[in-house]
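Every read-out reported here was derived from the displayed coordinates using simple, explicitly stated rules and does not represent laboratory data. None of the values given here were measured: they were computed from a predicted structure. No Cβ is skipped: glycine too gets one built from the backbone with ideal geometry, and neighbour counts run over all protein chains shown.
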Ligand code: MN
């Protein structure tokens, strides 16, 4: 068949220090993966991992200005370590999981917190809270071989220079191997997939004009400026 119209090319993430881009297929996000954040969300931290998804078009490669989205009064940041998948794998063993990892990056899982709370209260899905345009800023991907020590790195998120999140990757409830083993039980992981691995405590709201700086030791930083509020779609 010939397509009756053409779709845009895949969104592409930057690769640190190279001219090639990383075409993005799907975005998986792990929820409540740091004890203190699970507790600040009012949840018990000792449950099995879970994930939700964002479409690839939510990607904001390299950061920059991100509009304040419509239909929320409580737009929040979640700074996270992101895994870029470079090899396919289904039901992978934890010991083999690192073979799937192409590289690592700093990401922001931007969230309409008010809609998430409403969805949770009504036992509804999180799509309007999590999966929307510009909700997945991502810094350049550093190749796994060049990102040694990321498993014990410090993660920090600053808003206008003030530290709001100060965590350690080692404090994840489910580590990178466990996350990939878990997701790949349900869905075959493919080259181009991204996995946002969850956020530490300290999440909070942003306003137009705020500057977010997310850093993880050993990885390229990510800076996002919150733009003006988008008017409701019509
Ligand atoms: Mn998150």
Exercise for the section: Report, to two decimal places, the Cα Rg of the stretch 64-104 normalised by 2.2 N^0.38 Å (N = number of residues). Expected result: 1.83
Handout entry: the chain: relative contact order as a whole-number percent, Cα under 8 Å and 6+ apart
Key = 31
Practice task
Mind sorting 199, 53, 225 by how few other Cβ atoms lie within 10 Å of their own Cβ, fewest first?
Solution key: 225, 53, 199
Handout entry: Helical contribution to [θ] at 222 nm, DSSP H n ≥ 4, -39,500 (n - 2.57), averaged over the chain, rounded to 500
Key = -3500 deg cm²/dmol
Fill in the blank from the handout: Ranked from fewest to most other Cβ atoms within 10 Å of their own Cβ, 28, 51 fall in the order 51, 28
Practice task
Could you check what % of the DSSP bridge pairs in the chain are antiparallel, to the nearest 5?
Solution key: 80
Problem - More than 32 Å apart - percent of Cα-Cα pairs taken over the stretch 16-229 - result: 9
Problem - Isotropic mean projected area of the C-alpha convex hull, the stretch 1-51 (nm²) - result: 7.4
Exercise for the section: Using the Kirkwood radius over Cα pairs, work out the Stokes-Einstein diffusion coefficient for the stretch 31-119 at 10 °C and 1.306 mPa s, in µm²/s as a whole number. Expected result: 102
Exercise for the section: Please report, to two decimal places, log10 I(q)/I(0) for the stretch 150-234 at q = 0.14, 0.17, 0.24, 0.26 Å⁻¹ as given by the Debye formula with identical point scatterers on the Cα atoms and no solvent. Expected result: -0.66, -0.86, -1.15, -1.24
Handout entry: Along each principal axis, Cα extent of the stretch 73-181, largest first, Å
Key = 41, 36, 25
Practice task
Counting other beta carbons within 10 Å of each Cβ, put 135, 19 in order, fewest first.
Solution key: 19, 135
